[in-house]
1. For Ile286, what is the net charge nearby, where nearby means another residue's Cβ is under 9 Å from its Cβ and Lys, Arg count +1, Asp, Glu -1?
2. With a sphere of radius 10 Å drawn around the Cβ of Asp341, what net charge do the other residues whose Cβ falls strictly inside it have (Lys, Arg +1; Asp, Glu -1)?
3. Beta carbons within 10 angstrom, averaged per residue: use that to sort the peptides 43-50, 80-87, 108-115, highest first.
4. By a straight-distance test (C-alpha under 27 Å), which lysines pair with Lys178 as possible cross-link partners, with residues fewer than eight away in the same chain excluded?
5. Please give me the summed charge of the neighbours of Thr103: other residues whose Cβ is under 15 Å from its Cβ, Lys and Arg +1, Asp and Glu -1.
6. Placing +1 at every Lys and Arg Cβ and -1 at every Asp and Glu Cβ, with all other atoms neutral, what dipole size does the chain have around its Cα centre, in debye to the nearest 20?
7. Using the alpha-carbon atoms, what tilt in degrees (0 to 90, nearest 10) does helix 18-37 show relative to the longest principal axis of the chain?
8. Among 137-149, 366-378, 174-186, 306-318, how do they line up by average Cβ neighbours within 10 Å per residue, starting with the highest?
Amino acid sequence: MHKMRINRANTQVRPYPQSIIIAVCAVLLSGCISQTNSGWGQADKILSGIEAPQFAARDFNVTDYGAVGDGKTDCTGGINKAITAANKAGGGRVVVPAGTFLTGAIYLKSNVNLYISQDAVVKFSTDSNQYLPAVFTRWEGVECMNYSALIYAYKEKNIAVTGKGTLDGQGSNDNWWKWRRDFQRQDRQELFTQGRDGVAVEQRLYGGKYLRPSMVEPVKCRNILIEGIKIINGPFWHIHPVLSQNIIVRNVRVEGMGPNNDGCDPESCKDVLIEGCYFDTGDDCIAIKSGRNNDARRVNVPSENIIIRNCIMKAGHAGVAVGSEMTGGARNIFVEKCTMDDPNLDRGFRLKTNAVRGGFIENVYIRNITIGQVKQAVLAIDFNYPDIEKGEYKPAVRNINLENVTSRKSKNALFLQGFEDAPIMDVTLKNCTFDNAANPDVISNVKNLVLDNVKINGKLATANNTDAD
């Protein structure tokens, strides 16, 4: 690292005018205040601006609109008629009572709370035709016209899915999940090529092809609440807000072991609270995203102001991930008081990107986390996330902070790999303990790594506060 040398031999010391001293002090004080606001103090400010939507005290029972809870009757029309009626009346609660209700796509509308009663199961058809016509969505970070999500909303406000019941996507290796294994590769690559080449979104037509729909997907919506329900076996990602704002996901249980069965993936979203949730998934439990490659550079909307707290993460590729579709950037992410523990949980925290994605990740604050075991690293920041293309968009990752994080078993405590010409910047760990780490840390191209009272396998770790290679 280049260090500037100052020749002091012929330097004369002159007093600065008082006005300059006052101005300098003001700047320094401002910097200190800014630094404070950029940390956990900012989380409180973000929380104060996130509010749950309110709904009129009117109930619309889906059985009054033709839905039958026998597990056999197609209730698509009845459920959507009840939602439309509630919307036209100025809003209210659409109630799914006890029973099993078979349905296709459900379209949420403004001022409607879809309430899934205890002992109610909304069971979604595995017939892909039930999710047509195609709607505007993002699929793995690229905009297109594809199957509707199982529950979909577009440009709506004040919407909710709540209750004590279950949403069952019926995903299995006999239907949706086998698309990934047997069919989707060609369509996936075609979409990515169209995104790279700037093909108009309305010409990216994938309804009737093999790109699986998400399960609950509000797109370009405001004021969203998802609370209390159980969500199982989605075709693809389970909860996927896109380009939306003011979102609460609270006390939700997500279980699904299919391919790409992420738990909750806010993408290019702002002001998000995820709390009290349980995730046991086939992919990332929570993954913060902001679009993929050239298509995301066109849209250019980051994910920001995201708070995750009091959650339990079981199996998955990561407890909390950022990326890999993160070209639009991600910032101001706060994670606290979570528990992660499962032999099939790969990593605790994973920031994944490469030189095709580019983008930035900054201002990540993590504290008071208890990890039983993970397969790989507790903290992984990897600029070499696999991609078949080579790129020139160097990612920027900076200001990553962990405090009071403990782990009882892992392969590595830290796996940090930046680029030589774009190092990971400013990673600070304080009061952390990592026991039974099988292998040494992997650290390359990290600038300003600070380890303050960090113990690995019972020994105090040091980083010398300099470039790490």
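Quick note: the coordinates plus some simple rules give every number you see, no bench work behind them. Note that the structure is a prediction, hence the values are computed from the model and not measured. We place every Cβ from the backbone using ideal geometry, glycine too, and count neighbours over all the protein chains shown.
1. -3
2. +2
3. Per-residue Cβ counts within 10 Å, averaged per peptide and sorted highest first, yield 108-115, 80-87, 43-50.
4. Straight-distance partners of Lys178: Lys72, Lys123, Lys209, Lys230, Lys289, Lys314, Lys352, Lys375.
5. -1
6. That gives the chain a dipole magnitude of about 800 debye.
7. Between the helix axis and the principal axis of the chain, the angle is about 40 degrees.
8. Descending mean neighbour count gives 137-149, 306-318, 366-378, 174-186.
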